[in-house]
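Read the structure below first, then the notes.
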Amino acid sequence: MTQANEPFDAVQIISIKRDKGTLSPEQIDWTVDAYTRGVIAEEQMAALNMAILLNGMDRAEISRWTAAMIASGERMDFSALRRPDGGMKATTDKHSTGGVGDKITLPLAPLVAVFGVAVPQLSGRGLGHTGGTLDKLEAIPGWRAALSSEEMMAQLQDVGAVICAAGAGLAPADKKLYALRDVTGTVEAIPLIASSIMSKKIAEGTGSLVLDVKVGSGAFMKDEAKARELAETMVALGKDAGVHTVALLTNMATPLGLTAGNAIEVEESVEVLAGGGPEDVVELTLRLAEEMLAGAGVHGADPAAALKDGRAMDVWNRMIEAQGGDPRAKLPVARESETLYAPADGVLVGLDALSVGVAAWRLGAGRARKEDIVQAGAGVHMHAKPGATVRAGEPLMTLLTDTPEKFERAKEALEGAVVIAPEGSRPAQQLIIDRIA
């Protein structure tokens, strides 16, 4: 399309960022809108993305870019949600930057809803070694991810929690930009990551937001300084948009919990809702619940008690049933399994999250392209986590898949993933690294 009648032109915009200049609010608004309309060509936006990656953006630019992305589509409005006393129901949400075994959304959404706060959790699918919340839940027979806005609102009013796919109308500019960043080596640009995440979350219309920014080998951000910069940028964007936003920096050097897959992560989530489950999953679920409740103005709540006494499980069952699922149905089980054993006595001090995530992906739990089909039963079940004493010949991990020819490549991914040190050693790992507000 021609740019003859446009107020700016793409080359002018690219040149400003190439030369480390600052884009005006009007230039940013035009750029996002013109790209969405097809006036700016793909190669031109690719050049601009690279200039932003190399030269950055200041806070005002990122904030305006995010606002322009939001303006490209619709905004959700939860003001019609009501408490029993007739007052407006508070809404809160959580976003994780993704990792291995990160099933936290599953127990967290119903847990927070116990306390009368609405949790509209718009989630995504897995790509590569990071799992997707929707893929996990689709392991439950009958459960569906796609809800209309009316269905979503009704479920939030009645149940208090919903986990579903985002509609195409939220920040459509982001969908187009994300695909371009993926193929042009510009995914790592913090202004673009931050605006991508926050444009969707702000357009979602939630009153408060908690960000779980992962750090380590299994995370998108391997480096703590970069993860901190991303967290600080996103918190600032939330505040600029009037959304109460806090971030936790959390460790993703080791997988969360003892499972990485789909059905097996649902099973582990249900264990947490039943008052059990792995310590790290419980710890992070409770900490995020406390942050979400505080952001929604609920103080003095005891999320740990709601896990122990079954209230969170009740909300989970109602949430799954509301979306067509049977929470009591048997989950899919992989047809084939192969167990890997400890090579020596000692203390397990290292279990590399990226290696486990890639292995689960290769077994069929993840996808290389968006159109790939995932296996519900595939994944990696870990029998020990860092800090555990192990003996040679004891099971360390069980690999699960419907297609046994995948075992070899999965085992290749796990070479060097396990570190066993002499007895008395302690792994230097801290789950929650910092809080940014």
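Brief remarks on what is shown
- Residues satisfying the stated conditions in the range 394-424, i.e. part of a loop (DSSP other than H, G, I, E, B) and open to solvent by 50 Å² or more (accessible area, probe 1.4 Å): 394, 415, 416, 422, 423, 424
- Verdict on residue 106 being open to solvent by less than 10 Å² (accessible area, probe 1.4 Å) and within 17 Å of the chain's Cα centre (by Cα): yes
- Residue 105 being touching a strand residue (DSSP E or B) at 6+ places or on another chain (Cβ under 9 Å), touching a residue at least 40 places away in the same chain (Cβ under 8 Å) and within 20 Å of residue 260 (Cβ to Cβ): yes
- Applying a threshold of 9 Å to beta carbon distances and a minimum spacing of six or more residues, or different chains, the list of pairs starting in the range 356-379 at a residue that is farther than 19 Å from residue 404 by Cβ and ending at one that is open to solvent by 70 Å² or more (accessible area, probe 1.4 Å) and assigned to a helix (DSSP H, G or I) reads 367/361; 368/361.
- Checked against (1) open to solvent by less than 10 Å² (accessible area, probe 1.4 Å); (2) within 22 Å of residue 137 (Cα to Cα), residue 274 passes all but a single condition, namely (1).
- Any hit, the range 198-214, residues being farther than 30 Å from residue 309 by Cα and open to solvent by 20 Å² or more (accessible area, probe 1.4 Å): yes
- Residues in the range 318-335 that are of a type outside the set (Lys, Arg) and farther than 27 Å from residue 98 by Cβ: 321, 326, 329.
- Residue that is most open to solvent (accessible area, probe 1.4 Å) [pool: residues in the range 124-163 that are assigned to a strand (DSSP E or B) and modelled with pLDDT under 95]: 127
- Just one of the listed residues (296, 247) is open to solvent by 10 Å² or more (accessible area, probe 1.4 Å) and either of a type in the set (A, V, I, L, M, F, W, C) or under 21 Å from residue 356 (Cβ atoms) (or both), and it is 296.
- Qualifying residue in the range 377-385 (condition: loosely packed, with under 15 Cβ neighbours inside 10 Å, in contact with a Pro (Cβ under 8 Å, 6 or more places away or on another chain) and modelled with pLDDT of 95 or more): no
- The listed residues are 53, 81, and the only one of them that is surrounded by 13 or more Cβ atoms within 10 Å (Cβ to Cβ), touching a residue at least 60 places away in the same chain (Cβ under 8 Å) and touching a strand residue (DSSP E or B) at 6+ places or on another chain (Cβ under 9 Å) turns out to be 81.
The values are calculated or read from the model by the stated rules, or taken from the named source; none is laboratory data. In this text the structure is predicted, and so the values were computed from the model without any measurement. Cβ coordinates were reconstructed from backbone atoms using ideal geometry, including for glycine residues, and neighbour counts include every protein chain displayed. Heads up: the accessible areas ignore ligands, DNA and RNA and are worked out on the full protein's heavy atoms, side chains in. Shrake-Rupley method; radii C 1.70, N 1.55, O 1.52, S 1.80 Å.
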